[in-house]
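Heads up: the structure comes next, in structure tokens.
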Amino acid sequence: IAARPESAAKGYLLGGICWFAIPFSLATSLGLASTALMLPISSSEAGNGLVPPAVADHLLGEAGSALILIMLFMAIVSTGSAESIAVSSLVAYDIYREYINPEATGAKILWVSRVVIVLFGIFMGLFSIALNAMGLNLGWVYLFMGVVIGSAVIPLWNMMTWSKASGTGAVIAAWSGLVLALIGWLVGAKIQGGSVTVATLGTNEVMLSGNLIAIFSSGIIHYIYSKFIDPQDYDFSTLNENIHLVEQDLSGLGEQQQDRKVLRHAKRWIARRGYLLTFVKIIVWPILSIPAGVFTKPFFAFWVLLSIAWGFGAAITISILPLFESQDEIGKVCSGMLNYILCKKVEETYAEEEPAAPAKTLEEEEPAPQAAKALEEDEHTLVSQAV
């Protein structure tokens with residue numbers, strides 16, 4: 001299912017909408033509940049992300065703590081696994097296979113990926129311990145992450161969507177934006193707080209300045225470099241020629257999943273809705289909230305209602321939709337398990353999907369039934385004569 005273009009496009013869009021329930025719904029419910037209940041939570045504890053478990057424990061007792069623990073465990077495991085797979089794929093494919101062993105087999109690449117996952121996990125664990133020992137809480141690290149990686153956002157976007165984008169310019173813009181962001185971040189802390197400390201560097205205003213400098217400076221640098229210094233004219237239609245599959249494994253990808261018309265339709269579908277959702281969240285939503293100023297009771301009631309609806313909608317979507325889309329596969333698995341428990345032998349087997357064959361050209365079209373039959377008879381005659 002994940003390999004289908006229409007499923008991938010809808011999955012990314014729905015994933016973004018459902019994810020927004022975390023900062024929106026949880027902040028509205030648990031965040032404001034801690035203030036309304038006057039819970040004894042210090043600023044350092046709030047920065048370490050202890051507000052949700054404190055509220056859940058106060059309202060639901062041990063059950064609330066257990067639910068928060070399960071939610072955090074699932075979030076951390078899913079995020080950590082995605083990061084591990086991303087890093088291992090980059091090292092295995094873009095470094096090991098590209099520069100060290102171009103003839104690497106799938107088994108060898110899999111082994112390298114597993115080694116990288118173990119090493120990356122150990123490194124991240126030690127790095128987290130070091131950050132905690134330095135007194136950097138979760139909120140501080142989360143905001144600082146934008147200062148560090150924000151400069152790569154616009155250059156990467158340009159490389160994927162703009163034919164004139166320069167690869168060299170993207171590298172220069174990313175590193176230049178990082179340097180400018182760090183300078184602006186440090187200078188902002190000095191101007192606002194009078195000194196450069198962990199506390200002054202972690203204020204919202206200083207972190208915001210560093211994030212904005214990282215994002216916009218790199219975008220401006222990359223545009224100028226690509227437009228006036230090193231303009232390119234990349235043909236995106238040749239992109240597939242530079243993608244080399246390991247052992248040419250196309251299992252799960254039929255002709256429909258490789259149809260350019262289907263892919264273009266999926267691209268237009270996600271692009272239009274992605275731009276619209278971005279425009280609504282970043283521009284329309286804040287603008288509509290500005291006139292409200294200090295929320296009145298009716299406006300706050302509407303805000304709470306919207307956050308509750310968003311949260312329940314996200315929960316229903318991520319719980320029901322995967323089961324609905326995978327009902328055939330789930331049915332086959334359950335049927336097989338039941339037959340195994342009952343020791344029932346089933347004649348029907350589910351063959352693995354065969355690699356998809358490339359689309360046939362006019363010269364490769366299958367022969368007509370009459371021609372195929374005549375050819376078979378001629379071969380049979382030749383074999384009889386030889387015997």
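The values are calculated or read from the model by the stated rules, or taken from the named source; none is laboratory data. Every value quoted in this text rests on a predicted model; they were computed, and no experiment measured them. Cβ sites come from the backbone with ideal geometry, for glycine too, and all protein chains shown count toward neighbours. Ligands, DNA and RNA are stripped out before the accessible areas are found, and what is left, the full protein with its side chains, is counted by its heavy atoms. Shrake-Rupley method; radii C 1.70, N 1.55, O 1.52, S 1.80 Å.
Between F236 and L208, residue separation times 0.36 nm minus the direct Cα-Cα distance comes to 6.6 nm.
Taking θ as phi - 60° and the Karplus parameters 6.51, -1.76 and 1.60, the scalar couplings of region 141-152 work out to 5, 5, 6, 5, 4, x, 5, 7, 9, x, 5, 8 Hz in sequence order, x denoting glycine and proline. With protein chains left intact and a 1.4 Å probe, residues in region 299-348 average 83 Å² of accessible area per residue. Solvent-accessible surface of region 155-204, averaged per residue with a 1.4 angstrom probe and all protein chains in place: 55 square angstrom.
Summary of packing: across the peptides 7-17, 63-73, the per-residue average of other C-beta atoms within 10 Å ranks them, highest first, as 7-17, 63-73.
Extending 7 Å from Cα along the Cβ direction at I229 and again at W162 yields two label points whose distance is 1.3 nm.
Rounded to the nearest Hz, the phi-derived 3J(HN,Hα) couplings of region 324-331 under the Karplus curve 6.51 cos²θ - 1.76 cosθ + 1.60 (θ = phi - 60°) are 5, 6, 9, 5, 5, 5, 5, x, where x marks glycine and proline.
Using the Cβ-Cβ distance between D94 and L69 with R0 = 51 Å, the FRET efficiency computed as 1/(1 + (r/R0)^6) comes to roughly 0.90.
Taking a ≥ b ≥ c as the square roots of the eigenvalues of the Cα gyration tensor, region 67-197 is oblate, since a/c reaches 1.5 or more and a/b is not larger than b/c.
Peptide packing for 126-139, 185-198 was compared via the average number of neighbouring C-beta atoms within 10 Å per residue; ordered from the highest value, the list is 185-198, 126-139. The base-10 log of I(q)/I(0) for region 154-221, evaluated at q = 0.16 Å⁻¹, reads -0.55 [Debye formula, identical scatterers on Cα atoms, solvent excluded].
Write down the accessible area per residue of region 1-128 in Å², having rolled a 1.4 Å probe over the full set of protein chains. Write down the numbers at each step before the final one.
Values: 8270 Å² over 128 residues.
Dividing the accessible area of region 1-128 by its residue count gives 65 Å².
Computed over protein heavy atoms with a 1.4 Å probe, the carbon and sulfur contribution to the accessible area of region 1-111 reaches 70%.
A simple spin-label model places pseudo-atoms 7 Å from Cα toward Cβ; at A133 and D57 they are separated by 2.7 nm. Between L338 and L37, the contour length at 0.36 nm per residue exceeds the Cα-Cα span by 103.3 nm.
Using a Förster distance of 51 angstrom, determine the FRET efficiency expected from the C-beta separation of L182 and T317, and round it to 0.05. With R0 = 51 Å, the Cβ-Cβ based efficiency is 0.85. Descending by average beta-carbon neighbour count within 10 Å, the peptides 233-243, 166-176 line up as 166-176, 233-243, the highest first.
Available extension along the chain between V171 and F123 is 14.8 nm, counting 0.36 nm per residue and deducting the alpha carbon span.
With r defined as the distance between the Cβ atoms of V262 and F20 and R0 fixed at 30 Å, what FRET efficiency is calculated, to the nearest 0.05? In this case the efficiency is close to 0.60.
Size descriptor for region 27-123, Kirkwood hydrodynamic radius: 16.4 Å (Cα pairs only, one decimal).
Backbone phi angles across region 177-186, fed through the Karplus curve with coefficients 6.51, -1.76 and 1.60 (θ = phi - 60°), yield HN-Hα couplings of x, 5, 4, 5, 5, 5, 5, x, 5, 5 Hz in residue order; Gly and Pro are listed as x. Under 19 Å from a label point 7 Å along Cα→Cβ of V115: give me every residue in region 53-86 with its amide N that close. Once the point is set 7 Å along Cα→Cβ of V115, 84-86 turn out to lie under 19 Å by backbone N, inside region 53-86.
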